[in-house]
Structure formats: C-alpha cells, structure tokens
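Encoded as structure tokens, the structure appears first; notes follow it.
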Amino acid sequence: MTTTTGSLTSSRSLSYIALFAALMAVFGLIPKIDLPFGVPITLQSLGVMLAGCLLGPRRGFLAIALFLLAVALGLPLLPGGRGGLSVFVGPTSGFLFGWMFGAFACGLLMRLAVRRMAGATGLPLLAAAFLSSVIGGIFVIYAFGIVGLSWVAHMPLPKAALAMLVFIPGDLIKCGLCAMLVQTVMRGMPGWRLDRD
C-alpha cells in the first residue's frame, strides 16, 4: 500500500513538473520586448514565480530545469523563438540559470510562510505569495542576471545593476499577479498543499 501511494505521489509530482515546464513554454509564446542592451522583457519570470510558489522548492526547481533542458536541446521556447546552447552564453544567460534558483527560493519561502501561518488564507496568503515572489523572483534572479550580464557584456557590476532598474516595475506587477493566482488556486483547489515539496 505504501509503495502504491508513493508511486501515485511520484507520478503526480512528475505531472506537475511537466505541467509547469509547459506553462513556461506557453509564456514564451507571448512576444518579448527587446531593450537596447540585449535583455528582453518577457512573461516567463511569472512562470518561475508560479512554479516555485505552487510546487515548492524542489519541484519548482525541477520544472524550470526541465524547461531549460528543452531549450538547451534546441527547442525554440524562449520569446522570439530562441533556443539552443547559444542562449546560455548570451546576455540573458545569468537570468536563465537564475530562474531555477529563483523558483527554489520562491518555493522555500512560500512553504516556510504557509507552515507558520497554519492554514491562513486571504490577505496573509496573498502577502506571503507576493513577498516570496519578490525575493525569489526578483532578488535571486536579478543577482544571477546582473552577474551574467556584467560578465558577457564586459560591463561593470554597478552599471549592469543600474541597467536592470527598468525591469523592476514590470516584475513587481508579475509578483502581484503571482500572488493573486496562488490565492485563486487555493480557493478553487483547497486540497492543494503549499507546505510540502
């Protein structure tokens, strides 16, 4: 009986991982907005936040890793139909690697918050999802992105960080959207567990 339960749980986890990797691909179909220094504005960071907040740290990380593996294999899943190994050495390479760790951070923070709130919903849940998204989906991803941009574009770190300021308002909106979507999922699917991975 334990084996069957474990198998079902494992199958469900794999399904969720594949589902959120597919969601990342769907977000990649939405046209990007290119900025002068080569880093585009896309919706895929919202997918990272959702994967982390809804799947937890481990499964969120794996969902993004699966998506990036598909990109590395040449599937044109990034905005603009980009794919292949070349994208991992371009100006956005730091962001791509940062997505995995951003999802992990979102999931970890969300799980810790939900465990402390003991089943709270409404505004506390909304705030927890928003803060988790800000820390994991902005601070962690930007840390990788700034270093990557600085390295690839031979740009001083302060200048690379300054160049990223244009993304902040849009990413804060994505954090708000993520928080609202998490709350919507919890209302529609009360059995969804945010406190486990």
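Computed from Cα positions, the angle between helix 93-117 and the longest principal axis of the chain comes to roughly 30 degrees. Restricting the chymotrypsin sites (Phe, Trp or Tyr not before Pro) of region 111-197 to loop positions (DSSP other than H, G, I, E, B) with no more than 12 neighbouring Cβ atoms within 10 Å leaves Trp192. The Ala153 and Leu112 beta-carbon pair, evaluated with R₀ = 30 Å, returns a calculated FRET efficiency of approximately 0.25.
The residue list Val87, Gly170, Phe139 was ranked by how far each Cα lies along the charge dipole of the chain toward its positive end, using unit charges on Cβ atoms, and Phe139 comes out on top. Between Ser86 and Val166, the FRET efficiency estimated from the beta carbon spacing at R0 = 35 angstrom works out to 0.90. Return one number: the angle in degrees, 0 to 90 and rounded to the nearest 10, between the long axis of the Cα atoms of helix 44-55 and the longest principal axis of the Cα atoms of the chain. With both axes taken from Cα atoms, the answer is about 20 degrees. Using a probe of 1.4 Å, the accessible surface attributed to Arg193 totals some 110 Å² when neighbouring protein chains are kept in position.
The values are calculated or read from the model by the stated rules, or taken from the named source; none is laboratory data. Computed from a predicted structure; not experimentally measured. Positions of Cβ are backbone-derived with ideal geometry, glycine not excepted, and every protein chain shown enters the neighbour counts. The area values use the complete protein model at the heavy-atom level, side chains included, leaving out ligands, DNA and RNA. Shrake-Rupley method; radii C 1.70, N 1.55, O 1.52, S 1.80 Å.
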